[in-house]
Amino acid sequence: MRRADPLKGEKGKFKLMAEGIDDDKDGLYNEDPAGGYRPDRNFAHAWNEADPESGPWPSAQPESRAIMDFLVKHRNVAMAVVFGPANNLLEMPRGSAGRSGDIGSMKVTVPRNIANFTGLEANKEYTVDEVYEVLKDSPVARAQGGLTKEAVVQLLGGGPARSGGQSAPGGLQNWLYYQYSTMAIELDVWGIPKKAAAKAPAGAAGDALTLDKFEKMSAAEVAALDDEKLGAFLKNINAPAMASAAMIKQGVASGRMTPAQMAGMIRSQGGGGAARPAAAAAGGGPTTPDEDTIAFIDASAKDGIVAWTPVTLPDGTKAEVGGVDPFLAVAPNESELKKAADVHADALIFMAGKLAEVAIADVQVKALGSGVYEVSATAANNGFLPTATRLQVRTRSYLPARLTITLPSGASLVQGNNRSSNERITGSGGTTKATWMVNAAPGSRITVSILTQNAGEDRREVVLQ
Amino acid sequence: MMRSILACLLCCAILSAQTQAPDPKWDRLYPNAEVLQLMRDYEKAYPGWVKLESLGKTSAGGDTWLLTITNPKTGAAETKPAVYIDGSTHANEIQGTETTLYTVNFVLKNYGKLPRVTEFLDRATLYVIPMMNVDSRERWFTQASTPNFPRTLPVPIDDDRDGLFDEDGFDDLDGDGEITMMRKKVALGQGTHKLDPKDSRLLVPVRADELGDYIMLGTEGIDNDGDGQVNEDPYGYVDPNRVCGDGFQPRYVQAGASEYPLQYPEARNIAEWMGSHLNVNVVMSYHNFGKLILRMPGARSQKPMSQVDLRVHDFLGKEGEKMLPGYRYVWVAPVLGDSYGSSADHTYGRVGAFSVGIELNAPQQDFNGDKNVSPEEVMKFNDELTQGRMFVNWKAFQHPQYGEIEIGGFKHDTGRPPEGFLSVEEYHRNAMYVIYHGYHLPHLKIEDPTVVKVKNGLYRLHIPVLNDRMIPSVAGIVQQNKIHRQDLATISGAKVLSSGIVEDPYLNKVRLQEHRPERLFVSGGVDGASTKTLMFLIEGVPGKVTFTYDSIKAGKLSKEILLP
């Protein structure tokens, strides 16, 4: 089933609803089933005040409260992974205001055919921002009224392997990130894969343009070519998306390049064959989730769809019952699940290995005379991630990293206090420092500590001498 | 035993003055134990009319005490439209409690004597929580306090983020039972203030070209935890008026918020109870200070109030300005600043009750009438009208961090609550304003129907339902947030073929309900001071049928209709 498109002159011919009857005869089907609130709609961030399924108020449900009560007592949670319906890796979380996340730091590789005309290196890893910088002022980008980072990803043949969806308003992931403010990610573990690439229909029709034919054409013949035909040809030979029919015609007409030279260039850039990544080479553009589902059913889940069977409802309404198994999209078969679970377990271990980890890096003692010692301490974050995200610096929901000095009795600080706080120690060797003037007997033992809630603790004892 | 209960019931039927009915004085404040005793005494004196119950334990082991007051012979409390009032959400805003008790005392003692009061308890319910933030209110009385402290819930919060909780609060350094202020005389040129030449109890800031010889050191206390800061992590700070569910924002957006909405039982007890008492139409929460009637929403970024509800709020608020001289009815956000998670936002958005915060009291000491109260005028009030009760004179003290200082200032029970001799008028006017809201609770009446015999066995009824008060039977917010079902109209004794809401009785325009005509949902209920006419087309025989109008917020009523 698909929605009727009024712009194509279509009118809807069916109503689609979940299987059931209008038990209370109020004209609505299945509007008041067993159960009520959805725990993943009952958290406080972006809670939907007018959705009966989101609960009478945020945090009303024992399920949501139990999770939060545990978490607020366990501020050592440095990262949270929610296995839920959305996949934040496939689709950038937009936040409650619907803003698009910045995909600029996403890593991409540049296929050879694009690399050659952009001056970038083929198959080297770039960020989207880096590629965007190179392409944003190109004539084609200007002609198109500017380039978006999303368009860059598409141009590179990227984009999500399947749709990821957004974490729910009032969902746990949103609360974890925006209110509890830990690093939080929602993963759906498995989903119906994008429809596998169809074979590009190059040369399928007898009169279709091929590279060989193009090469032998004169400038006038190229100028006379139908734009649509030329466009299809460009697509088949995996020409860059910005190489439009108009651009080719202009190039040939201006006499700067003959069709033969162009063909040579295309060949040298690896064009002419199926060099592009599969998703972009499918010919039909991005597929819809329904097309993906049908393709998946055809390929590996023959039982995933129930044939439509005519029924007559108690009130005499004629209907058909059937369609896609509602659990098809969330419940993989055993071997798929095992694969997905393994991947996710590995990813969790990998991510855990990237957490911030503080340690005392150095303690220097300098005797200044008269029993006064200058103690300088440095603590470092040896993990990859910072001790606090930018949001945590703002929310102050975790204690800062605290560098402290503990003195034996009889010793005192000449000035200041025993604690130096830092909201965020950056990852991979970021440091925080503190200096104290200590008035103590020679040989006194002092302890310097670095304390955090979510990146560990470390202590070092030193002797003042 | 049985005989005494019967005797009591007999006695209560007229609700005349009872020997055992409490007779509190209104020129003083009541510590928690006395408030609880008063509540118990009212329950004992008016059995059946007053019910005292705990809605649950609070954060430091107290109880959320609720009084339910209504005439039991005219229907159970939860079947009638209700006004809910509470006090001491902020523990230091102390006289909200006495305002609620005055209201309780007034309605119980004037039932049967004054028609509006009689009508109120006959057809409506008054719910009262005199001490919302009960544990901190107790502490305000029993431990050294200030006019501003303690205010919040008895929940330890690490305000200075050092890993320790409430370890550096205020200290009663001079042991006089009051936490006042600290000031210090310094060398000329090192200070920011000087003594007021007219009154050495007061400091005045120096002019830009003047040298000062005093500094102000803030509230009485020391650096308890040796971190170089004084009083930076006291008892509290989760604000029970910033923790509710509707419009909740976390602490980095809204100071005083909890980790999640309704995390602590003070607010949750009430929310859960009210969630199952949707007959509450009006919520009035007493705070101080400034003589304000505050309507929601709490923040400018929230959805504005619908016009239908605003009209009702505006009407009641403007009447309040007349009944409470000096009070201003305002939208809270632009006047007091944006706030999220307030209880009034919650009871409006989640219960569908018209909810206001009332800021009691304002400065009484404007002797020269310039609309401004100077420190000299406050001191004059202290000296002449309280004979010096309010102010603790400065005394020398040796402070561990600041050395030689002076400690003194106003006592904790001054300023925010009025002095006793001024309090009763304000309690009374506010109690009357509660009864005024009680009067305007939706009051439905099924008017005489128009019955048309279309043909034998087929009748068309037009049944007008009148609401002769200002509050609608279904508030706009109830529909907007889908809080509860709409009003429901039914006919028994005949088969309903069709039903709908009459949009124009003269032109016979009816908005028909498409499905299940025997259960007519009256979308939007009956607005304030208006009539909604309902149409039923029924198959029946001459005789009686019963029409029933069932409203969650306005009660359930029926009328027999004769089919000719």
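The values are calculated or read from the model by the stated rules, or taken from the named source; none is laboratory data. Please read these numbers as outputs of a predicted model, since none were measured by experiment. All Cβ positions, glycine included, derive from the backbone under ideal geometry; neighbour counts span all protein chains shown. Heads up: the accessible areas ignore ligands, DNA and RNA and are worked out on the full protein's heavy atoms, side chains in. Shrake-Rupley method; radii C 1.70, N 1.55, O 1.52, S 1.80 Å.
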**Prompt:** Based on what the data block shows, is A:Ile446 under 16 Å from A:Tyr398 (Cα atoms) and either open to solvent by 30 Å² or more (accessible area, probe 1.4 Å) or not assigned by TED's automatic domain parsing to the domain that holds A:His74 (or both)?
**Reply:** no
**Message:** Can you say whether B:Ser355 is in contact (Cβ under 8 Å) with a residue 40 or more places away in the chain, closer than 24 Å to B:Ala271 by Cβ and open to solvent by less than 10 Å² (accessible area, probe 1.4 Å), as far as the supplied structure shows?
**Reply:** yes
**Item:** Residues that are within 14 Å of another protein chain (Cβ to nearest Cβ) and over 16 Å from A:Glu461 (Cβ atoms), drawn from region A:414-433
**Value:** A:Val414, A:Gln415, A:Gly416, A:Asn417, A:Arg419, A:Ser420, A:Ser421, A:Asn422, A:Glu423, A:Arg424
**Asked** Which one of B:Ala45, B:Ala91, B:Ala77 is open to solvent by 10 Å² or more (accessible area, probe 1.4 Å), in contact (Cβ under 8 Å) with a residue 12 or more places away in the chain and of a type in the set (A, V, I, L, M)?
**Response** B:Ala77
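Look through B:Glu167, B:Glu138, B:Glu210 and report the one residue that is within 14 Å of another protein chain (Cβ to nearest Cβ) and not small (Gly, Ala, Ser).
None of the other options fit; the residue is B:Glu167.
Tell me, which residue of region A:215-236 that is part of a loop (DSSP other than H, G, I, E, B) and among the aliphatic types (A, V, I, L, M) is farthest from A:Ala260 (Cα to Cα)?
A:Leu225
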**Asked** Conditions: (1) within 13 Å of chain B (Cβ to nearest Cβ); (2) open to solvent by less than 50 Å² (accessible area, probe 1.4 Å). A:Lys73 meets all but one. Number of the miss?
**Response** (2)
**Request:** Looking at (1) within 30 Å of B:Gln479 (Cα to Cα); (2) open to solvent by 50 Å² or more (accessible area, probe 1.4 Å), find the lone condition where B:Ala344 falls short.
**Result:** (2)
**Fill in**
With criteria (1) within 12 Å of chain A (Cβ to nearest Cβ); (2) of a type in the set (A, V, I, L, M, F, W, C); (3) out of contact with any Phe, Trp or Tyr (no Cβ under 7 Å at 6 or more places or on another chain); (4) open to solvent by less than 10 Å² (accessible area, probe 1.4 Å), B:Met284 comes up short on (1)
**Request:** Give the residues of region B:358-396 that are on the phi > 0 side of the Ramachandran plot and surrounded by fewer than 17 Cβ atoms within 10 Å (Cβ to Cβ), sorted by residue number.
**Result:** B:Gly369, B:Lys371, B:Gln387, B:Gly388
**Flag for B:Thr125 being buried (at least 24 other Cβ atoms within 10 Å of the Cβ), under 19 Å from the mean Cα position of the chain (by Cα) and among the β-branched types (Val, Ile, Thr)** = yes
**Prompt:** Mind checking which residues of region B:306-343 are within 14 Å of another protein chain (Cβ to nearest Cβ), out of contact with any Phe, Trp or Tyr (no Cβ under 7 Å at 6 or more places or on another chain) and under 19 Å from B:Ile85 (Cα atoms)?
**Reply:** B:Ser342, B:Ser343
**Request:** State the number of residues belonging to region A:449-465 that are touching a Ser or Thr at 6+ places or on another chain (Cβ under 6 Å) and either surrounded by 15 or more Cβ atoms within 10 Å (Cβ to Cβ) or among the small types (Gly, Ala, Ser) (or both).
**Result:** 4
**From B:Leu512, B:Leu520, residue being open to solvent by 40 Å² or more (accessible area, probe 1.4 Å), within 14 Å of another protein chain (Cβ to nearest Cβ) and at pLDDT 95 or above** = B:Leu512
**Prompt:** In the list B:Val243, B:Val238, B:Val230, B:Val204, which residue meets the criterion of being at pLDDT 95 or above, within 22 Å of B:Trp394 (Cβ to Cβ) and either in a loop (DSSP other than H, G, I, E, B) or within 14 Å of chain A (Cβ to nearest Cβ) (or both)?
**Reply:** B:Val230
**Message:** Checking the conditions here, which among A:Val77, A:Val82 is modelled with pLDDT of 80 or more and part of a loop (DSSP other than H, G, I, E, B)?
**Reply:** A:Val77
**Request:** Counting only residues that are within 20 Å of the chain's Cα centre (by Cα) and closer than 30 Å to A:Glu53 by Cα, give me the helices (runs of 4 or more DSSP H) lying completely in region B:329-432 with at least 2 of them.
**Result:** B:343-346
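Would region B:246-269 turn up any residue that is part of a strand (DSSP E or B), over 30 Å from A:Val393 (Cβ atoms), more than 14 Å from chain A (Cβ to nearest Cβ) and not polar (S, T, N, Q)?
So far as region B:246-269 goes, no, none of its residues is part of a strand (DSSP E or B), over 30 Å from A:Val393 (Cβ atoms), more than 14 Å from chain A (Cβ to nearest Cβ) and not polar (S, T, N, Q).
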**Prompt:** What number of residues within region A:8-40 satisfy the criterion of being closer than 30 Å to A:Asp69 by Cβ and open to solvent by 50 Å² or more (accessible area, probe 1.4 Å)?
**Reply:** 6
**Request:** Return yes or no: is B:Thr533 in contact with a His (Cβ under 9 Å, 6 or more places away or on another chain), among the hydroxyl-bearing types (Ser, Thr, Tyr) and surrounded by 19 or more Cβ atoms within 10 Å (Cβ to Cβ)?
**Result:** yes
**Request:** Considering only residues that are touching a helix residue (DSSP H, G or I) at 6+ places or on another chain (Cβ under 7 Å) and either farther than 25 Å from B:Val478 by Cα or more than 10 Å from chain B (Cβ to nearest Cβ) (or both), look in region A:55-66 and name the one that is surrounded by the fewest Cβ atoms within 10 Å (Cβ to Cβ).
**Result:** A:Glu63
**Request:** Of the numbered conditions (1) within 14 Å of chain B (Cβ to nearest Cβ); (2) farther than 30 Å from A:His74 by Cβ; (3) not in a loop (DSSP other than H, G, I, E, B), A:Leu368 fails exactly one; give the number of that condition.
**Result:** (1)
**Message:** Please go through region A:32-67 and give me each residue that is farther than 18 Å from A:Leu176 by Cα and not hydroxyl-bearing (Ser, Thr, Tyr), ordered by number.
**Reply:** A:Asp32, A:Pro33, A:Ala34, A:Gly35, A:Gly36, A:Glu49, A:Ala50, A:Asp51, A:Pro52, A:Glu53, A:Gly55, A:Pro56
**Asked** Filtering region A:328-385 down to residues that are charged (D, E, K, R) and more than 21 Å from A:Ile425 (Cα to Cα), which residue is surrounded by the fewest Cβ atoms within 10 Å (Cβ to Cβ)?
**Response** A:Glu334
